[in-house]
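Inspection log for the structure reproduced underneath, given as structure tokens.
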Amino acid sequence: MPSSPQVVIIGAGIVGANLADELAARGWDRVTVVDQGPLPLTGGSSSHAPGLVFQTNASRTMTQFARYSVEKFSALDLDGQWCFNQVGGLEVATTAERLADLQRRHGWATSWGIESRVVDPDECVRLHPLLDRDRVLGGFHIPSDGLAKAPRVVAALVRRAQARGAVFRGSTRVTGIEQAGGHVTGVRTAEGLLPADVVVCCAGFWGQAVGAMVGMPVPLLPLAHQYVRTGQIGELAGRNDELAEAGLPILRHQDQDLYFREHVDRLGIGSYAHRPMPVRLTDLDDGGEVTASSMPSMLPFTEEDFAPSWEQSVALLPALASAKIEEAFNGIFSFTPDGGPLIGESPDVAGFWIAEAVWVTHSAGVARAVAQLLVDGRSDLDLHGCDVHRFEEVQLGEDYVSETAQQNFVEIYDVLHPLEPRRSPRNLRVSPFHARQRELGAVFLEAAGWERPHWYEANAPLVLQLPAEWVPPERDPWSAMFHSPIAAAEAWRTREGVALYDMTPLKRLEVTGPGALALLDRLTTGKMDKSVGSVTYTLALDDAGGVRSDLTVARLGADRFQVGANGNLDLDHFRRHAGPDVQVRDITGATCCIGVWGPLARDLVQPLSREDFSNEALKYFRAMPARVGGVPVTAMRLSYVGELGWELYTSAEYGLRLWDVLWEAGQELGVIAAGRAAFNSLRLEKGYRSWGTDMTTEHNPYEAGLGFAVRLQKGEFVGRDALAGISAETVTRRLACLTIDDRRSVVLGNEPVFLGGRPAGYVTSAAFGHTIGTPIAYAWLPASATPDTPVEIEYFGRRIPATVAAEPLVDPAMTRIRR
Ligand code: FAD
Ligand code: THG
């Protein structure tokens, strides 16, 4: 009996080689890696990558991936030659805006456990003597960054995996994927058929072509990126021997879209300053010979594109003035719509996986995560930002991928605000109320293709009417971006009047059929066999008890449920587990939703309906069909903002009518439309978590403060066994609510939190709490940080005192909602 499944990995680049190694290390001894190119230098992106590893990233997961690559490559060598040269990383600022951003990046590094510091110009020059002291305003130094020698890493990993039984086959092109009964069975190559239980495509920028073999969209775009090597530079003479290659830190000059590394006594320069240059796979010669200077992933250098970059390089590093470019090429690698990698299994062909759009920097970490997914069924890292199923259908279109991937190329080193929306393509998805929202001066930000009002300029006059205790303090320029004090007025009217919130973008699934109840029962932590009309707040867990989503499940019929979800990953998850007796349908776009919330919500809705909206007739967390102003709706009594009211769902064609009816009737009550900025503030005051930001699969329900949603006594469900013995009392870390002591400093998320002067956690979500007149931050902290514990949040290098608070901050007795 073979002990492990038969695996074929397509691609022996740095991702495929790492994956073979990770699987072999886990005892999977029937792994075959095929590559169309020769081994070990296949001619893919890894064969020429200069291998700079800058670990710091806004994403915690991406940083952990990079950190693992550093750790793994540092412990690796090829016949005594280094695979990782830990020269450190230095990012320099030549503008005030960049210098501030380096502080923010230093904050991320601290949050994710990477030691780093922000340094002055003298220290920059000491670290990198080629820098022009007068040009730099400061730098960000990360001692553990460095150079990965990608082709050598590949060779070393190939050897190690071979020693553990893996087989590598070069010059073997995959031409098709074999399947039977919805499961992959093998890989077709020019040399014959390779049987397989599991196929993992690690084909890099060729990924789309292989994905197409099973009809799987792979949203990446191959783009060219320029890399040059200079001739000898006097100032570098004698600094490095041939073996070490480099001693100075790898260097980034993001203000000019440039990076630098040493090659003994020469410099390598990479540029993102040029126009995006999309590459068509059909134009490449991937059947030819591969040498270090000629391979399918290298295109001829276009000199004119590099000219401005050369000038900027000389300006930063004056020693280059007397040097020349000696070697240069346009190298190809993958870009995606949001910059994240693409990991996941085909929804149609079980056993066919992809791991693509991965940098050398993240390669070992990604491979480890994929090996965990294959061997254990889950990764210990949160992968929601990497999952290929995170995209909405509209985001898989070729034009969308092309435009957004090119944009990511252009913006790769830009200082981007966390709320900054893409400029194009926009208006892909609008709710039926869109025309009215525009009339009210909605300021839209984009999410999952949806246009979402963040506030309405029509509410500006209300700012002048704000009672003194509701007037928000001035914000610092960064937190004031993509924000308006109008949000304070909208929060105020929600807490004291009534407001309409467009909840249409909330992902909605309809789960129907004789097996619907059983499916939901198995996939969630809640009791699902309740009366028709019940709504349950519940969690979907993974096998290890990690939170993979939080959901509301409304039972609308014996065999019909409506699930309020967080995104496309939920749809994918439910579909994968649904048997033939259950249908899972995404009804988001065919329906719409208005949240009518505030103490006057009943005064608004009841006169428009013959159904009884009283507290007794429709209790908290109950749903009923009704008519509002003649429009057929499903009314669900719940509120993410923590006020009396209902989510009113109707089909799309009635949406505008529903809005107009509520709007007109609400005039005498002073109804307003309110946006996401107020919404986010109100939900944090109520302590309502946002999945993906506040908690992920890395956290169990008790750590996340969601133990109340787990019904262990209901019987078997996914994740139940893993929760045995865990409770709110035994956890060692917790999602904690912080209030900011000065009552005015607003943070935005991802900032490090210090306990007793030492980094101890990081901020997830944050907002100004308008009702309580104090900024709020949620943060992961050791369980010892109980209410009243003083902490500090680092924001642009400044330490902001904050205090752990008992939650929720507003209406703990629930009297506002349950009246
Ligand atoms: P590849 O190395 O391209 O491997 C994919 C393999 O799949 C190839 O060997 C290919 O031959 C094979 N393949 C494809 N189709 C088939 C098929 N049908 N049958 C069989 N085999 C197939 N990243 C960093 O982290 N740091 C850097 O400093 C850095 N600098 C870069 C500089 C340049 C100029 C470029 C172009 C990229 C740079 N990158 C850098 C990015 C990095 O090189 C890539 O992201 C990474 O190498 C991708 O690795 P991979 O294994 O996914 O792809
Ligand atoms: N509305 C609907 N579905 C949703 C959301 C929503 N699904 C995704 C996401 N948002 C889920 N998040 C929450 C978080 C908290 C609550 C509802 C949805 C909530 N919690 C009550 C509490 O904690 O007090 C639950 C009380 C109870 O379990 O009875 O209301 O916005 N449709």
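Points worth noting:
- Phi angles across region 316-325 convert, under the Karplus curve 6.51 cos²θ - 1.76 cosθ + 1.60 with θ = phi - 60°, into 3J(HN,Hα) values of 7, 10, x, 4, 6, 3, 9, 9, 10, 7 Hz, Gly and Pro given as x.
- Whether region 24-182 is rounded, prolate or oblate, judged on the alpha carbon gyration tensor where a/c under 1.5 counts as rounded: prolate
- Length gained when the stretch ALA435-ASP285 is fully extended (0.36 nm per residue, less Cα-Cα span): 48.9 nm
- Spin-label pair THR803-GLN86: with each label point 7 Å from Cα along the Cα-Cβ axis, the two points sit 4.2 nm from one another.
- Since only VAL415, GLY397, HIS384 are under comparison, the one whose Cα sits farthest along the positive direction of the charge dipole of region 358-422, derived from C-beta charges on Lys, Arg, Asp and Glu, is HIS384.
- Inter-site label distance for GLN667 and ALA321 at 7 Å from Cα along Cβ, in nm: 7.3 nm
- Peptide packing for 469-479, 388-398, 43-53 was compared via the average number of neighbouring C-beta atoms within 10 Å per residue; ordered from the highest value, the list is 43-53, 388-398, 469-479.
- Its relative contact order, with pairs defined as Cα atoms under 8 Å and 6+ residues apart, puts region 239-357 at 15 percent.
- Percent of beta bridges antiparallel (DSSP, the chain, rounded to nearest 5): 85 percent
- Mean separation of Cα contacts under 8 Å (6+ apart) over length of region 399-492, as relative contact order %: 23 percent
- Cα gyration tensor shape for region 348-453, rounded if a/c is under 1.5, else prolate or oblate: prolate
- Efficiency of FRET from Cβ geometry, GLU616 and GLU398, R₀ 60 Å, rounded to 0.05: 0.65
- The charge dipole of the chain, taken about its Cα centre with unit charges on the Cβ of Lys, Arg, Asp and Glu (plus for the first two, minus for the last two), comes to roughly 1940 debye.
- Model label points for ALA813 and ALA244, set 7 angstrom from Cα along the Cα-to-Cβ axis, are 7.1 nm apart.
- Size of the chain as Cα extents on the principal axes (Å, biggest first): 83, 66, 50
- Residue pairs, from the table LYS72/LYS686; LYS507/LYS619; LYS72/LYS324, whose Cα atoms sit over 31 Å apart: LYS72/LYS686; LYS72/LYS324
- Amide H contacts of LEU738 (H built 1.01 Å from N, under 5 Å, at least 5 apart or other chain): ALA777, TYR778, ALA779, ALA805
- Extreme residue, positive dipole direction of the chain, given options TRP492, THR175, LEU638 (C-beta unit charges): LEU638
- Working note: 222 nm ellipticity from helices only, DSSP H runs with n ≥ 4, each -39,500 (n - 2.57), summed and divided by the residues of the chain, gives -6500 deg cm²/dmol to the nearest 500.
- A straight Cα-to-Cα reach below 20 Å connects LYS714 with the aspartates and glutamates ASP521, ASP529, ASP542, ASP543, ASP550, ASP559, residues fewer than 8 places away in its own chain not being considered.
- Computed E for PHE482/ASP348 - FRET, C-beta separation, R0 45 angstrom, nearest 0.05: 0.70
- Charge dipole (Cα centre; +1 on Lys/Arg Cβ, -1 on Asp/Glu Cβ; no other charges) of region 637-696 amounts to roughly 280 debye.
- 3J(HN,Hα) along region 743-759: 6, 9, 7, 9, 10, 10, x, 6, 6, x, 10, 9, 10, x, x, 10, x Hz, from the Karplus curve 6.51 cos²θ - 1.76 cosθ + 1.60 with θ = phi - 60°, whole Hz, x for Gly and Pro.
- Anisotropy class of region 67-136 from Cα gyration tensor, a/c 1.5 cut: oblate
- Computed over the chain: relative contact order in percent, which uses C-alpha pairs under 8 Å that are six or more apart: 11 percent
- Estimated at 0.36 nm per residue, the fully extended path between ARG657 and ARG758 surpasses their Cα-Cα distance by 30.8 nm.
- Taking the inverse of the mean reciprocal distance over all distinct Cα pairs, the Kirkwood hydrodynamic radius of region 211-305 comes to 16.1 Å.
- Dipole magnitude for region 654-798: about 140 debye, using +1 per Lys or Arg Cβ and -1 per Asp or Glu Cβ, origin at the Cα centre.
- Estimated FRET transfer efficiency when R0 is 51 angstrom, pair ARG378-GLU469 (beta carbons, to 0.05): 0.60
- Charge dipole of the chain about the Cα centre (unit charges at C-beta), most positive-ward option of VAL314, PHE717, GLN583: PHE717
- Counting 0.36 nm for each residue step from ALA212 to ASP788 and taking away their Cα separation leaves a gain of 201.8 nm.
Quick note: the coordinates plus some simple rules give every number you see, no bench work behind them. Since this is a predicted model, take the numbers as computed values, not measurements. Methodologically, a virtual Cβ is constructed for each residue, glycine included, from the backbone with ideal geometry; neighbour enumeration extends over all protein chains shown.
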